[in-house]
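The values are calculated or read from the model by the stated rules, or taken from the named source; none is laboratory data. In this text the structure is predicted, and so the values were computed from the model without any measurement. Note that each Cβ is placed from the backbone with ideal geometry, even for glycine, and that neighbours are counted across all protein chains shown.
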DNA sequence: AATACGCTTGCATACGTATTCAAATTAATT
DNA sequence: AATTAATTTGAATACGTATGCAAGCGTATT
């Protein structure tokens, strides 16, 4: 019989008590180094690894991080997921996936977490209502928002400096001589979107300008296409000379629509600027000017935040903002020259 | 005190034994329907959900599926991941992520699985050696290969009909008058790649032709770029008039390289055909002709395969092949016309 | 009416580990 | 050498659930 060995089997083989085996695998516990080595050796020989399930019953720690995503379409998210998972994996944690849909409530998903004794939750591409925060706070589990934030100060979040990002875009577009600047928004309720839009508006105001028009793309390519078509429909007397699109993902769709459906040239007829700096934006076919949201920084800060509040749950929530900067490529034209 | 309630608490509240509570949550167990309803009601009232960890100690089932990925860069994989996870989620299972790297061996990762009492393993974008199969077979855990296969018949795999796909490509390119057909391969060791290449070769042979040249892109965009540059380097007397690229992901890079680095027109100067039919291929900027690998079919067959061998572990492994078909878009030119 | 049977229920136990507490050993101090 | 302090060790218990077993009860069968 080839049953998976337990700590009792190892104990028997090493001639010690089960307690010793447990201690051998618990860093920093009181045990003779020689014995520990012996036990580890015997364990390896038998192919023993501590059973996380049994362990979690005692410690109430599962070494599992719950990830909630709404979608993985926008390349930014799978890349972030991979990086985060790898970092957690290196620390002995693993990621359990939860995908949200419009059927099941936040509460339902949070209930599912409970069953798995998740050590922490990372909320990523989910359109979160206050339900989420309530549900998570009622849990005693640390929650970190990735690329999302909420007005109230009672949960930790990691975002880029979206407000400043919006302002940067405004200044850049104004300084390159654009007069009719429009915004294709993300999910209107999301903090990320709101902050970018507010930054854009404030930035324009600084230069005595105002937004030409806004439409929602809802972080979706098809809706972004519709928004674009609408902004340039034939019944419009004037059309934008610059489009700020709330994500690269939508910006690609906008570019395609402008070029191949509306027959407009980018950047000659319209400038386009995105947000995220996804790898695809660097492809010559797009060459998208955009605001970077450094994935590596975002991820490492998220991981740190999670780890530190697993270690110390009473830590007060903080709002972490990663600086965002302009990536100049070829979809914005300086209209002051020539 | 707001401790999470246990079955004992619910039992107390409902005036029954803990066993009854357990049975109330165990479908098909012997219990009076009225009592069950009462218990469920009380449980809901207290906010009780069975603790999966404790349950798995008895049942040896964790309701967790282990996913192994090597990368998520190729959009095909995050999309497949999302769909699979959602389907498993609907069945009460959840996905635990494992990312492979070149440091840690297959054995190490398999050992990590063991700790979590995973119910099944899905291997996806991992470049698998026979180590993997050995390691997994030594486990008593069902393994299903997604978009991968191995020569030996001792593990279940779900792939598209790669061999026929390769043949279809050959026939199509020949029938559209191409004379110098080259192949930019994926990871040369992978079954997927081998089958496509073999199909391509056999298909060409059927028409009395032979492959013009081959280079490895290793499923990586940068290596695909290098391969392309090499195939069209100035010291070549003749260059290909058609390129079959083993994945859309690489094909995008190949298109960019041909157009913007080599100044060639696609499809006028060179035809390009990919594999996967990733959403991005439909974007007008690429309009990539490709072989579809229907994600939905692949995913649902994978999920079914997993579920059926969780239910019946003795089931003999099977090799599932999903038909693949040609998606004609704009990167292949019929050279017999005009 | 008496036996058999099927359906419900509670008791007790097992799963594999961490941890408290006291016992036992070793090292340090006088 | 004797006492104290420090370090190791093992026995026992708890975590939250599922399940085999026997007991209870009501209904159907003869």
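The figures follow:
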item: Count of segment A:1-11 residues which are within 8 Å of DNA strand C (Cβ to nearest atom) and either at pLDDT 95 or above or outside any loop (DSSP other than H, G, I, E, B) (or both); result: 4
item: Any hit, segment B:207-221, residues being outside any loop (DSSP other than H, G, I, E, B), closer than 27 Å to residue B:279 by Cβ and within 14 Å of chain A (Cβ to nearest Cβ); result: yes
item: Selection status of residue B:302, closer than 25 Å to residue B:182 by Cα, surrounded by 18 or more Cβ atoms within 10 Å (Cβ to Cβ) and in contact with a strand residue (DSSP E or B) (Cβ under 7 Å, 6 or more places away or on another chain); result: no
item: Residues of segment A:96-114 satisfying the condition of being facing chain B (nearest Cβ under 9 Å) and within 21 Å of residue A:311 (Cα to Cα); result: A:96, A:114
item: Breaking point among (1) within 16 Å of DNA strand D (Cβ to nearest atom); (2) in contact (Cβ under 8 Å) with a residue 12 or more places away in the chain; (3) assigned to a helix (DSSP H, G or I), for residue B:135; result: (1)
item: Subset of segment B:109-125 (residues that are under 19 Å from residue B:92 (Cβ atoms) and at pLDDT below 80); result: none
item: In segment B:21-37, the residues that are closer than 17 Å to residue B:59 by Cα and either within 7 Å of DNA strand C (Cβ to nearest atom) or within 14 Å of chain A (Cβ to nearest Cβ) (or both); result: B:23, B:25
item: Helices (runs of 4 or more DSSP H) lying entirely in segment B:12-93 (those with 1 or more residues that are within 13 Å of DNA strand D (Cβ to nearest atom) and free of Cβ contacts under 8 Å to residues at least 12 places away in the same chain); result: B:18-24, B:52-59
item: Enumeration of residues in segment A:309-328 that are in a loop (DSSP other than H, G, I, E, B) and out of contact with any helix residue (DSSP H, G or I) (no Cβ under 7 Å at 6 or more places or on another chain); result: A:312, A:313, A:314, A:316, A:317, A:318, A:323, A:328
item: Qualifying residue in segment A:310-317 (condition: touching a residue at least 12 places away in the same chain (Cβ under 8 Å) and under 25 Å from residue A:245 (Cβ atoms)); result: no
item: Checking residue A:275 against (1) away from chain B (no Cβ under 14 Å); (2) closer than 13 Å to residue A:76 by Cα; (3) in a helix (DSSP H, G or I), the condition it does not meet; result: (3)
item: Residues located in segment B:38-67, provided they are within 11 Å of DNA strand C (Cβ to nearest atom) and away from chain A (no Cβ under 14 Å); result: B:38, B:39
item: Matching residues in segment A:94-111 - criterion: being buried (at least 20 other Cβ atoms within 10 Å of the Cβ) and in a helix (DSSP H, G or I); result: A:106, A:109, A:110
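The rows are residues; the columns are (1) surrounded by fewer than 17 Cβ atoms within 10 Å (Cβ to Cβ); (2) closer than 19 Å to residue B:326 by Cβ; (3) touching a helix residue (DSSP H, G or I) at 6+ places or on another chain (Cβ under 8 Å); (4) at pLDDT below 95.
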site	(1), (2), (3), (4)
B:189	yes, no, no, yes
B:213	no, no, yes, no
B:221	no, no, yes, no
B:230	yes, no, no, no
B:248	no, yes, yes, no
B:261	yes, no, yes, no
